[in-house]
Amino acid sequence: MAKKVLIIQARMGSTRLPGKMMLDVGGIPLIERVIHQAKACKSVDLVVLATGDGDANDVLCEKAKQLDTRCFRGNESDVLDRFYKAAEKYGADIIIRVTGDCPFLQPSIVNEVVESLIAQDVDYACNTQPPTYPDGIDVEVMKFSALRRAWTEAKLPSDREHVTPFIWKRRDLFTLHNVAGDSDLSNIRLTIDEPNDLFVANAIMQYSSEKFPNLATIMSIIKKHPEVLDRNRGLERNEGYRKSLEEDTHEH
């Protein structure tokens, strides 16, 4: 059986919301929420936190240890290198990539994307090309061979910092499958990148009777209390990736 390793990419050095990984969402540190949801994924054999080698990230490794989760330390800025080496160390055949800023990660959707990669026998499966789920419910799954090829061949700073663009931009090299939701919810923002995002996540949690609400519960809260989304409406999806594309042009 192929070994499926879920790798959470997280570090303490966020520029827009410093130290966000340890900030509370509904009374639980963000990174703890993400690890809890990752461990609830039935399709996953192992969960690994992949963080940078800077001292600031010690606190994340301590938290992972408390939660009985492996911690891998690697290159702070070349995230593709960090990611690849974590996958290699833990013998992953299939890698599930999630980012640490997604407190509402959905195990059922992770399972669906993993199953679609296997059923379609593609190099890469996701729910972001194009996105129909809220920002922050993102899942990417890839074969180790695809990750290795990206790690070997990707040269642009944006490809090294964001792990997967080299794969999903190169349809001539890789086979892709996208999992779409029943309706387009991509304008809803459930990720945590800015102070206003944290406010929104905590507002949703105030109305939730569940500690780890599923997407149906979150959507029913939003339907009843649409004002909870007011604070982060209009923030750009994948702003970090756009900024690194601008860095690419400075390099040349």
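The values are calculated or read from the model by the stated rules, or taken from the named source; none is laboratory data. Predicted model only: the values in this text are computed from it and were never measured. In this analysis, Cβ positions are derived from the backbone assuming ideal geometry, glycine residues included, and neighbour counts consider all displayed protein chains.
Candidates are the residues of the range 60-81 that are among the charged types (D, E, K, R) and touching a residue at least 60 places away in the same chain (Cβ under 8 Å); the one that is farthest from Val113 (Cα to Cα) is Glu76. Residues in the range 13-64 that are under 24 Å from Lys3 (Cα atoms), more than 16 Å from the chain's Cα centre (by Cα) and in a helix (DSSP H, G or I): Cys61, Ala64.
Return the only residue of Ala92, Ala56 being under 26 Å from Leu198 (Cβ atoms) and of a type in the set (A, V, I, L, M, F, W, C). Break it down into steps so the answer makes sense when it comes.
Values: Ala92 fails: under 26 Å from Leu198 (Cβ atoms).
The unique qualifying residue is Ala56.
Would you be able to tell me the number of residues in the range 113-132 that are of a type in the set (S, T, N, Q) and within 15 Å of Ser43 (Cβ to Cβ)?
3
Within the range 131-184, count every residue that is assigned to a helix (DSSP H, G or I) and of a type in the set (Gly, Ala, Ser).
Taking the range 131-184 and keeping what is assigned to a helix (DSSP H, G or I), we get 144-153, 157-162, 165-168.
Right, trim to of a type in the set (Gly, Ala, Ser) and you get 145-146, 150, 158.
Final tally of qualifying residues: 4.
The condition (being in contact with a Ser or Thr (Cβ under 6 Å, 6 or more places away or on another chain), among the charged types (D, E, K, R) and at pLDDT below 95) is satisfied by just one residue among Glu161, Glu247, Glu236: Glu161. Here Lys42 meets each of (1) touching a helix residue (DSSP H, G or I) at 6+ places or on another chain (Cβ under 8 Å); (2) at positive phi; (3) surrounded by fewer than 15 Cβ atoms within 10 Å (Cβ to Cβ) with one exception, condition (2).
So which residues in the range 150-167 are free of Cβ contacts under 8 Å to residues at least 60 places away in the same chain and buried (at least 19 other Cβ atoms within 10 Å of the Cβ)? Give the derivation first.
Taking the range 150-167 as the starting set, the residues that turn out to be free of Cβ contacts under 8 Å to residues at least 60 places away in the same chain are 152-153, 155, 167.
Within the range 150-167, just Ile167 meets the criteria.
Of all residues in the range 89-125, exactly one satisfies the criterion of being among the aromatic types (Phe, Trp, Tyr) and in contact with a Ser or Thr (Cβ under 8 Å, 6 or more places away or on another chain), namely Tyr124. What about Ser220, is it among the polar types (S, T, N, Q) and part of a loop (DSSP other than H, G, I, E, B)? Here the answer is no, as Ser220 does not meet what is asked. Would you mention how many residues in the range 151-175 are more than 18 Å from the chain's Cα centre (by Cα) and among the aliphatic types (A, V, I, L, M)? So the count comes out to 3.
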